[in-house]
Amino acid sequence: MTQREKNWTIPSIFAQKIVVSEIKPSIYFHVGLERTATTFLQRNVFPHFNGVHYIPKKQYRVADEIMQQNGDGPFFISHEFDRGFEDEIIRFAGRYPHTKTIIVLRPHTGWLVSQYKRYLKNGYNGSFETFFDLDNDQGIIRHASLSYSGKIDLLTRSFHTPPLVLLYPDIQKDPKMIIQKIASYLGASHDPDQMDLSPRHTSYSEKQLKVLRTFFSYFPAGAKKKWMRYAVLYAAYLIPEFLLNRQPLISEDYLARIQEAYKKDWENCLHK
């Protein structure tokens, strides 16, 4: 081999190694939000997509290792975040800025009501007004959690590609259409007949939740015991209606105020 051939060969091999080292896995990331049909999608839909390596919520913390062990993808990760949304998105984007994200949004009042009922089921005994304080922002759920436009902007700033924004009412109205939209975005195929489209996490009745809230306002320590929560929920069937407070679990007037406060934010999301 001549000296000229050596000078040409060595840089060529080096360049080839650089190309291999810069290969990035193709990643799609469903980031939630909570209470937006996430359980339905994660259990009934996402595992049935073909052509992508699905990394479910329970494997999220080892997603790096899974991707390193399984080549270039494409990978499809699903999780949902609440208060830690911003921190987790920034952390993930720092490692994989080329990721394409999917976010599902639910009308603000419907999302709050669903969250409140979940908290009640888990032993919370406060009022809805205490749970979400529209006037002073001192509730369990803070105003920042309802800034959907802010979440979309964060995803757009953090990753190279703006998110695919889906709406919860569309999933309720036409789940097959939304599933096809997600599949097309992923470049995946699927067989609708393999998917159970029945809803999950149906809510308990207002009567049951009223009884549960009242019970744990007197016995708050009992909320830590799962068996006690479910015992109260089912015992609520035996309690006559006239013994219950006639005030609604959630004030419609208060919901109307919240809806008006976040009307512009929701309208902005419709055009994303």
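Any read-out appearing in this document is the output of simple, stated calculations on the displayed coordinates, not a laboratory observation. In this text, all values refer to a predicted model and were calculated from it rather than measured experimentally. Here the Cβ is made from the backbone with ideal geometry for all residues, glycine too, and neighbour counts use every protein chain on show.
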Sum -39500 (n - 2.57) across every DSSP H segment of at least 4 residues in the chain, then divide by the residue count to get the 222 nm mean residue ellipticity, nearest 500.
-13500 deg cm²/dmol
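What list do you get for His143, His160 if you sort them by fewest beta carbons within 10 Å?
His160, His143
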For the chain, longest principal axis from Cα atoms; helix 206-218 axis from its Cα atoms; angle between them, nearest 10 degrees, is 80
I'd like the FRET efficiency for Ser217 and Ser184, computed as 1/(1 + (r/R0)^6) with the beta carbon distance as r and R0 of 51 Å, rounded to 0.05.
0.55
Can you give me the P(r) profile for the range 21-137? Cα pairs, bins 5 angstrom wide beginning at 0, each as a whole percent.
2, 9, 18, 20, 17, 12, 9, 6, 4, 2, 0, 0
With +1 assigned to the C-beta of every Lys and Arg and -1 to the C-beta of every Asp and Glu, and no other charges, what is the dipole magnitude of the range 122-183 about the Cα centre in debye, to the nearest 20?
420
Name the residue, out of Ile239, Ile27, Ile140, whose mean-square fluctuation peaks in a Gaussian network model built on the chain with Cα pairs under 10 Å.
Ile239
Whole-percent pair-distance distribution, where bins are 10 Å wide, for the alpha carbons of the range 186-272:
12, 26, 24, 23, 13, 1
I want to check the label-to-label distance for Glu129 and Leu243. Put each point 7 Å from Cα in the C-beta direction and report it in nm to one decimal.
2.7
Per the Kirkwood formula over distinct C-alpha pairs, the hydrodynamic radius of the chain in angstrom is 21.6
FRET efficiency (Lys225, Gln59; Cβ distance; R0 30 Å; to 0.05) is 0.50
Gaussian network model of the chain, Cα springs within a sub-10 Å range: biggest mean-square fluctuation belongs to which of Arg246, Arg106, Arg157?
Arg246
Between 0 and 90 degrees, rounded to the nearest ten: what's the tilt of helix 108-121 against the longest Cα principal axis of the chain?
70
For the range 26-120, whose charge dipole is built from +1 on Lys and Arg Cβ atoms and -1 on Asp and Glu Cβ atoms, the candidate among Gly51, Thr36, Asn70 with its Cα farthest towards the positive end is Thr36
Mind pulling the angle between the C-alpha long axis of helix 175-186 and the longest principal axis of the chain? Nearest 10 degrees, somewhere in 0 to 90.
30
If the elastic network links every pair of Cα atoms under 10 Å, which of Lys224, Lys207, Lys151 fluctuates the most in the Gaussian network model of the chain?
Lys224
Sequence gap at least 6, Cα distance under 8 Å: using those rules, report the relative contact order of the range 61-147 to the nearest whole percent.
16
